[in-house]
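Below is one structure; the comments refer to it alone.
The values are calculated or read from the model by the stated rules, or taken from the named source; none is laboratory data. Predicted, not measured: the structure shown is a model, and the values here were computed from it. In this analysis, Cβ positions are derived from the backbone assuming ideal geometry, glycine residues included, and neighbour counts consider all displayed protein chains. Surface areas here come from the heavy atoms of the whole protein model, side chains and all, with no ligands, DNA or RNA. Shrake-Rupley method; radii C 1.70, N 1.55, O 1.52, S 1.80 Å.
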Amino acid sequence: MMEIIPAIDIIGGQCVRLTEGDFAQQTTYDSNPLEVAKRFESHGVKRLHLVDLDGARAKKPVNLAVLESIAANTSLTIDFGGGLQSEEAVKQAFDAGAAQITAGSIAVREPDTVKGWLLKYGADKIIIGADFKGTNIAISAWTEESKYPLQDFISGYVKTGARLFICTDVSKDGKLQGPSLNTYRHLKLTLPEAGIIASGGVTTIDDLEQLQEIGVKGAIIGKAIYEGTIQLKDLERFIC
């Protein structure tokens, strides 16, 4: 069964969403992320994708208090990302209650560092962030499409023991235009050992049904929940 993973992105302790990762295109949806997380949990949701956007800019975790609050007051399995650029930061995230962390830009820039985390913490604890535009990895805070093919990036990490990948189509993120189904279908066919978590563009229940048919491990849902194109009650049938 595909995992349903709502997202909470944090700026200044508040729940926000960006469009295409652009801080100039920010919408604030709720001042209390814990209450948002509790709403998710009340509908049977078991997983949460929590992103510290302030931390991503500062290159170190900034909103660990939000992570700690949600972890202490819900039973959600939380993967945490944003600003995790050092071993100390990763330890802080786990100590604050993260069950998993997402290695984003550092997975592109410093693969040896991330491989060390995989060895130390295990492949079930470290998710590789594979942000992409077109067929290539996106870099420089999503503003550039690199010449590094998405397929090769994931394949390389699979060979070093990684098993979980959040694959975000940054050209679709926050736009409510549907996910990159063909990309996820191709990845599942060519890299069946990789646990692909689809992110970016999920807009409707039909999108989720198609992703489930493809066989992705999970689907991250953000703006669709906050804008109401997907209702939390309609997600319940996807949750065991």
Pairwise Cα inverse-distance average, inverted: Kirkwood Rh of the range 114-187 (Å):
13.0
Taking a temperature of 25 °C and a viscosity of 0.890 mPa s, what whole-number D in µm²/s does Stokes-Einstein yield for the range 1-116 with Rh from Kirkwood over alpha carbon pairs?
171
Mind checking which of GLY97, GLY83, GLY161 has the largest fluctuation in a GNM of the chain, springs on alpha carbons under 10 Å?
GLY161
What helix-only [θ] at 222 nm does the chain give? Using -39500 (n - 2.57) per DSSP H run of at least 4, over all residues, to the nearest 500, the answer is -10000 deg cm²/dmol
Post the alpha-carbon centroid distance, the range 93-135 to the range 191-217, in whole angstrom.
20
What net charge do the residues around ILE196 carry, taking every other residue with its C-beta under 9 Å from that of ILE196, with Lys and Arg at +1 and Asp and Glu at -1?
+2
Computed over the chain, the Cα gyration tensor eigenvalues, each multiplied by 5 and square-rooted, give semi-axes in Å (largest first) of 23, 22, 17
What does the net charge come to around THR74 if you take all other residues with beta carbon closer than 9 Å to its beta carbon, with K and R at +1 and D and E at -1?
0
Max mean-square fluctuation residue, GNM over the chain, Cα-Cα springs under 10 Å, options LYS125, LYS38, LYS147:
LYS147
To make sure I understand the rule: partners must be aspartates and glutamates, Cα under 18 Å from the Cα of LYS233, and not fewer than 8 residues away in the same chain. Which ones qualify?
GLU3, GLU35, GLU41, ASP206, ASP207, GLU209
Probe 1.4 Å - accessible area at LEU76, Å² to nearest ten
20
The extension gain from GLU35 to SER86, computed as 0.36 nm times the residue separation minus the Cα-Cα distance, is 15.4 nm
Highest-fluctuation residue, LEU187, LEU50, LEU119 considered, GNM on the chain with Cα pairs under 10 Å
LEU119
At THR113 and GLU68, where each label point lies 7 Å from the Cα along Cα→Cβ, what is the point-to-point distance in nanometres?
2.4
Rolling a 1.4 angstrom probe over the protein heavy atoms, how many square angstrom per residue are accessible across the range 168-240?
41
